[in-house]
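S.K.: Submitted below is the structure of interest, expressed as structure tokens.
Taken together, the values in this text are just the output of simple stated rules run on the coordinates, not laboratory data. Because the structure is a prediction, the values reported are computed rather than measured. No Cβ is skipped: glycine too gets one built from the backbone with ideal geometry, and neighbour counts run over all protein chains shown.
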Amino acid sequence: MPAACGARADLEEGSLIYSFGGGPAKPAFSLARSLTMRSISPTAAAIVKSTAPIIERQGVAITTAMYARLFQDAAIKSLFDMAAQESGEQPRRLAAAILAYAKNIDKLENLGPAVQRMVTRHVQTGVQADHYPAVAAALLPAIRDVLGDEVATDEVLAAWGEAYWMLADILIAAESAAYGQIAR
Ligand code: HEM
């Protein structure tokens, strides 16, 4: 059962309902989490959490390097507001989100409003599930570009890979639900 991430989980009609923030009566953010969604092992979660101080110092360098890799794909680049890139605002936003994620990897319920903002912005800009592998393929090497392979060891990158896909699955499911509501 994918409970390692620490979000509140209740089994309801064969799916897991994760609530982020708020009480059970009025969660700030909740979604049906299917049993096929990826999770993170306790060991990988501990590694990710231990990298938080490094992300705090180097997060913006990592996200800047990530966008440089990501924008080699012109179709993906066209989704982004370039003014927010050039001012450094979007690399700072993403670095802050990654840091908050590293710190809260074992208590995802703290991330409700932040996850909701990402979902809203992703739906506004037309982000799709099939964009997520390209972001993983830009982010993980960018971590190594900036930190070097003595800090960003294979084990650290594998842990961040697990963390990435756990959050990606949460975002993809929430975005798919939001697109479904728009289409109705
Ligand atoms: C786990 C993966 C991801 C995380 C953690 C993430 C995080 C974020 C955050 C924190 C923001 C800023 C939200 C705000 O306005 O406060 C954002 C915006 C955005 N994200 Fe993501 N994102 C992820 C995946 C993706 C993917 C796969 C794409 C598609 C290529 C994407 C495209 C965008 C775009 C286009 C924006 C708006 C940026 C702008 O205004 O220029 N994101 N994302």
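S.K.: Per-residue counts of other Cβ atoms within 10 Å, averaged by peptide: what ranking do you get for 67-79, 44-56, highest first?
M.R.: Details: 67-79: 13.8, 44-56: 17.9.
Top of the packing list down: 44-56, 67-79.
S.K.: A follow-up question, please. Report the gain in length on full extension from ARG117 to SER176: 0.36 nm times residue separation, minus Cα-Cα distance, nm rounded to one decimal.
M.R.: Details: separation 59, 0.36 × 59 = 21.24 nm, distance 1.48 nm.
Extending this stretch completely gives an extra 19.8 nm.
S.K.: So for each of 118-126, 93-101 I average, over its residues, the number of other beta carbons within 10 Å; can you give me the resulting order with the highest mean first? Mind showing how you got there, number by number?
M.R.: On the way: 118-126: 14.9, 93-101: 19.1.
Ranked by mean Cβ neighbours within 10 Å, highest first: 93-101, 118-126.
S.K.: Mind checking which aspartates and glutamates have their C-alpha under 19 Å from LYS49, skipping anything on the same chain fewer than 8 residues away?
M.R.: LYS49 reaches ASP106, GLU109, ASP149, GLU150, ASP154, GLU155, GLU162.
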